[in-house]
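**Student:** Sharing a structure here in structure tokens format.
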Amino acid sequence: MINITLKNNVVKQFNKGVKVFEVAKSIGPGLYNDMCAAKMDGKLVDVQTELQNDCRLEILTFADKAGQQTYWHTTSHIMAQAVCRLFKDVKLAIGPAIDEGFYYDFDIGSPITPQDLVKIEEEMQKIVKEDLQIERYSLTPEEAIRFMRERNQPYKVELIEDLISKGATLTFRQQGEFVDLCGGTHLLSTGRVKNFKLLSCTGAYWRGDSKKPMLQRIYGISFPKKQMLDEYLERIEEAKKRDHRKLGRELELYGIFDEGPGFPFFFANGMVLRNTLEEFWRKKHKEAGYVEIKTPIILNKDLWLRSGHWDHYKNNMYTTKIDEEDYAIKPMNCPGGMLVYKSKMHSYRDLPERVAELGLVHRHELSGVLHGLMRVRCFTQDDAHIFMTENQVESEIANVMKLIDYFYSIFGFKYSIELSTRPENSMGTDEQWEKATEALQNALVANNREYTINEGDGAFYGPKIDFHLEDSLKRTWQCGTIQLDFQLPERFDLTYIGEDGLKHRPIMLHRVIFGSIERFIGILTEHFAGAFPLWLSPVQVIVLPISEAFSQEAEKIQLSLKKLNIRADLDTKIEIIGYKIRNAQIKKIPYMLIVGQKELDTNTVSVRSRADGDLGSMNLDDFIALVEKEIATKEIK
RNA sequence: GCUGGAGUAACUCAGUUGGUAGAGUACAUCACUCGUAAUGAUGAAGUCGAGAGUUCAAAUCUCUUCUCCAGCUCCA
């Protein structure tokens with residue numbers, strides 16, 4: 001007999017070898033029906049696991065993250081089984097659960113079409129109905145390789161060879177006629193997957209390597225309750241309404257035309273956003289001890305050779321010839337910044353020097369990656385280079401992190417941090433990279449920041465701390481970044497005169513906060529679903545006369561608001577008030593002022609808020625005070 | 001760049017087996033002069049992404065190309 005400690009420290013006795021699902025069954029039908037996986041002494045196991053010793057056991061359901069992942073992963077196996085039944089000679093790759101749902105990669109010769117998805121779903125329905133037990137067994141390395149070779153599964157053979165080299169056990173799963181190599185956790189049987197939906201079919205490279213063959217990937221999602229699936233699908237639909245590409249057109253923020261793929265045009269409303277953001281940015285940077293410069297967009301080849309961009313970044317650069325000489329359009333602002341630094345002598349007394357530049361850069365991004373304002377070919381970085389002594393590094397990094405915190409908190413953003421380390425094609429010595437990476441890591445630890453490490457994703461000149469923001473569909477985009485650079489000061493022979501009267505090499509930090517104004521506006525748009533806080537709203541107030549008779553009075557009100565720098569519009573269209581309100585509401589204008597006989601008589605305006613509806617009437621000065629306060633506090637409503 | 005899907009009026013979309021185009025919104029004109037999310041009527045608007053081919057005839061079939069969408073790879 002063994003003692004199993006359950007939740008709430010209840011101890012129950014079972015025969016040795018009892019399976020997890022049998023324990024769950026003994027506790028009650030509710031838990032048994034809902035179980036997805038389990039934790040045995042804190043370690044994730046699946047519900048088939050035989051318990052051999054005393055242990056602490058926690059049954060996980062779909063409500064637990066790990067249970068959810070098990071549920072989705074099992075669904076991916078069911079999908080793979082269906083695909084194998086429907087197509088000939090399917091070569092299986094991998095089929096993991098992801099943050100939301102799952103995918104499976106196949107090599108099926110021919111492409112999978114959306115119509116195929118329907119057929120696959122039907123076949124999956126059958127497999128669920130068959131309620132096949134999911135059995136687990138292990139094979140020796142030789143058996144495993146032979147097994148997959150016989151079945152003509154080269155990708156599985158490759159995976160097995162990898163597992164063997166790592167000394168891992170080779171676990172297989174069988175459900176009916178379908179067998180897959182898989183070490184993850186699984187549900188008890190295929191019948192436990194209740195509601196699923198295949199979402200899309202795309203291509204994906206084997207092992208994420210663009211030099212390797214492209215496989216067909218199917219994404220899907222599943223839930224134990226139909227309502228959950230419906231809610232999920234509805235949420236996706238809702239999220240699409242927040243898409244900045246859709247809102248960007250509806251709110252007349254920006255446009256991108258066939259005449260310039262990846263090169264956005266900013267319309268009047270978008271320019272208000274830009275200018276407001278930049279104005280705010282300038283104010284805060286001035287306060288934080290930055291100065292601002294501007295460097296040219298086109299500079300000659302010598303500069304880019306010297307900076308290393310010509311050798312490491314040329315594929316992404318637009319080049320041109322001027323008077324038979326090679327020039328490049330800047331993809332980054334730093335080399336220009338180097339020249340500014342070098343243009344005079346610097347004393348240790350001047351350091352740290354914080355030099356900012358709203359710099360317009362151009363990069364030739366691959367056509368397939370362009371995405372509204374999020375990924376473009378020309379964008380403005382809110383760049384700054386900080387030149388400092390070695391012992392200023394940590395406090396400067398901390399300052400930048402604080403500034404990023406401040407900016408993001410103004411917009412109510414949540415973000416995740418990544419530390420990106422040395423990439424393959426990079427400059428400098430191992431020692432320099434270690435030193436720089438350590439400095440960034442120390443700053444993160446000293447400031448109690450949670451972060452993940454993104455191996456090999458640094459810039460070619462140095463490691464970086466990246467700040468990622470989410471869009472409406474929870475795709476994350478890198479915005480802020482802090483990059484330590486030991487290369488450029490070296491290459492440009494930057495110096496400052498120390499206390500000792502001798503030349504020393506400054507350390508340089510690149511950093512951006514918005515990342516790019518364009519991407520940031522995209523993120524902002526999705527974050528607020530186009531209903532920007534008052535201080536950012538392209539139009540802050542619209543005056544709506546009830547009828548033509550009040551147009552003049554309305555115009556007077558508009559003018560008095562404009563005089564106070566409140567962005568006020570006027571709708572003198574000859575339409576019923578409901579129509580004008582509807583239009584203003586669709587344009588997401590924060591305040592509407594309704595002007596008619598009643599207001600004229602009482603010398604007031606009727607105020608309607610985008611968010612809260614009719615606020616009743618008040619006199620104009622009170623309304624102005626309300627608006628000015630909301631603008632000043634940058635309130636998010 | 002790769003894989004798949006899609007391009008029809010400013011926007012959202014119909015358009016049967018090939019017979020050269022429609023709806024709603026928006027826009028314009030007129031009437032109504034209106035009280036918190038859509039008043040009515042009329043009108044203008046399209047080389048059917050571009051180029052080539054097949055055909056008596058192409059939005060529709062074939063090829064090439066451009067752009068967009070999803071994902072991969074890459075990135076602020």
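The values are calculated or read from the model by the stated rules, or taken from the named source; none is laboratory data. A quick note: this is a predicted structure, and the numbers were derived from the prediction, not measured. Positions of Cβ are generated from backbone atoms using ideal geometry, with glycine treated the same way; all protein chains shown enter the neighbour counts.
**Student:** Looking at (1) surrounded by fewer than 16 Cβ atoms within 10 Å (Cβ to Cβ); (2) in the same structural domain as A:Glu279 (by TED's automatic domain parsing); (3) more than 11 Å from RNA strand B (Cβ to nearest atom); (4) at pLDDT below 95, can you tell me which one A:Ser367 breaks?
**Tutor:** Unmet for A:Ser367, out of (1) surrounded by fewer than 16 Cβ atoms within 10 Å (Cβ to Cβ); (2) in the same structural domain as A:Glu279 (by TED's automatic domain parsing); (3) more than 11 Å from RNA strand B (Cβ to nearest atom); (4) at pLDDT below 95: (3).
**Student:** Looking only at residues in the stretch A:596-629 that are in a helix (DSSP H, G or I) and within 13 Å of RNA strand B (Cβ to nearest atom), which one is surrounded by the fewest Cβ atoms within 10 Å (Cβ to Cβ)?
**Tutor:** Here the residue is A:Asp601.
**Student:** Please identify the pairs in which a residue from the stretch A:571-590 that is farther than 22 Å from A:Lys637 by Cβ and assigned by TED's automatic domain parsing to the domain that holds A:Ser606 has its Cβ atom under 6 Å from the Cβ atom of a residue that is within 7 Å of RNA strand B (Cβ to nearest atom) and not in a loop (DSSP other than H, G, I, E, B), counting only partners at least 6 apart or on another chain.
**Tutor:** Close Cβ pairs (under 6 Å, with a partner that is within 7 Å of RNA strand B (Cβ to nearest atom) and not in a loop (DSSP other than H, G, I, E, B)) amount to A:Ile574/A:Glu548.
**Student:** Follow-up. Which ranges mark the strands (runs of 3 or more DSSP E) fully within the stretch A:251-337 that have 3 or more residues being touching a Leu at 6+ places or on another chain (Cβ under 9 Å)?
**Tutor:** Details: elements: A:298-300, A:319-322, A:325-329.
Result: A:325-329.
**Student:** Among (1) polar (S, T, N, Q); (2) more than 23 Å from the chain's Cα centre (by Cα); (3) under 26 Å from A:Arg245 (Cβ atoms), which single condition is A:Thr295 missing?
**Tutor:** That leaves (3) as the condition not met.
**Student:** For the stretch A:548-574, give me each residue that is surrounded by 14 or more Cβ atoms within 10 Å (Cβ to Cβ) and assigned to a loop (DSSP other than H, G, I, E, B).
**Tutor:** Matches in the stretch A:548-574: A:Ile566, A:Arg567, A:Asp571, A:Thr572.
**Student:** A further question follows. Out of (1) in the same structural domain as A:Ser367 (by TED's automatic domain parsing); (2) under 22 Å from A:Val340 (Cβ atoms), what's the single condition that is false for A:Thr276?
**Tutor:** (2)
**Student:** Given the condition more than 9 Å from RNA strand B (Cβ to nearest atom), outside any helix (DSSP H, G or I), loosely packed, with under 14 Cβ neighbours inside 10 Å and not assigned by TED's automatic domain parsing to the domain that holds A:Val376, answer yes or no: does some residue in the stretch A:225-237 qualify? Steps first, answer last, please.
**Tutor:** Of all residues in the stretch A:225-237, those more than 9 Å from RNA strand B (Cβ to nearest atom) come to A:225-237.
The next check asks that each one be outside any helix (DSSP H, G or I); those that pass are A:225.
Of the ones still in play, those that are also loosely packed, with under 14 Cβ neighbours inside 10 Å are A:225.
From the residues that got through so far, the ones that are not assigned by TED's automatic domain parsing to the domain that holds A:Val376 too are A:225.
Yes - at least one qualifying residue is present in the stretch A:225-237.
**Student:** Next up: Among A:Phe411, A:Phe460, which is closer than 30 Å to A:Ser537 by Cα and assigned by TED's automatic domain parsing to the domain that holds A:Val369?
**Tutor:** That would be A:Phe411, the only listed residue that is closer than 30 Å to A:Ser537 by Cα and assigned by TED's automatic domain parsing to the domain that holds A:Val369.
**Student:** Now a separate question. Only one of A:Glu123, A:Glu58, A:Glu150 is among the charged types (D, E, K, R), in contact with a Leu (Cβ under 8 Å, 6 or more places away or on another chain) and either closer than 16 Å to A:Lys197 by Cβ or without any contact (Cβ under 8 Å) to a residue 12 or more places away in the chain (or both). Can you tell me which?
**Tutor:** Going through A:Glu123, A:Glu58, A:Glu150 in turn, the sole match is A:Glu123.
For (1) charged (D, E, K, R); (2) within 35 Å of the chain's Cα centre (by Cα); (3) away from RNA strand B (no atom under 16 Å from the Cβ), each residue gets a yes or a no:
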| residue | (1), (2), (3) |
| --- | --- |
| A:Met148 | no, no, yes |
| A:Ile160 | no, yes, yes |
| A:Gln174 | no, no, yes |
| A:Leu181 | no, yes, yes |
| A:Leu187 | no, yes, yes |
| A:Lys197 | yes, yes, no |
| A:Ala204 | no, yes, no |
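**Student:** Select from the stretch A:436-468 the residues that are surrounded by 23 or more Cβ atoms within 10 Å (Cβ to Cβ), more than 11 Å from RNA strand B (Cβ to nearest atom) and part of a loop (DSSP other than H, G, I, E, B) and list them in ascending order.
**Tutor:** A:Pro463
**Student:** Here is a further query. Do we have any residue at all in the stretch A:206-222 that's in a loop (DSSP other than H, G, I, E, B), farther than 19 Å from A:Met374 by Cβ, touching a Lys or Arg at 6+ places or on another chain (Cβ under 7 Å) and away from RNA strand B (no atom under 12 Å from the Cβ)? Break it down stepwise before answering.
**Tutor:** Looking only at the stretch A:206-222, we keep the residues that are in a loop (DSSP other than H, G, I, E, B), and these are A:209-213.
Still in the running and farther than 19 Å from A:Met374 by Cβ: A:209-213.
With the extra rule that they be touching a Lys or Arg at 6+ places or on another chain (Cβ under 7 Å), the set shrinks to none.
Among the residues of the stretch A:206-222, not one is in a loop (DSSP other than H, G, I, E, B), farther than 19 Å from A:Met374 by Cβ, touching a Lys or Arg at 6+ places or on another chain (Cβ under 7 Å) and away from RNA strand B (no atom under 12 Å from the Cβ), which makes the answer no.
**Student:** I need the full set of residues from the stretch A:370-400 which are out of contact with any strand residue (DSSP E or B) (no Cβ under 7 Å at 6 or more places or on another chain) and either assigned to a strand (DSSP E or B) or within 15 Å of RNA strand B (Cβ to nearest atom) (or both), in order please.
**Tutor:** A:Leu370, A:His371, A:Gly372, A:Arg375, A:Val376
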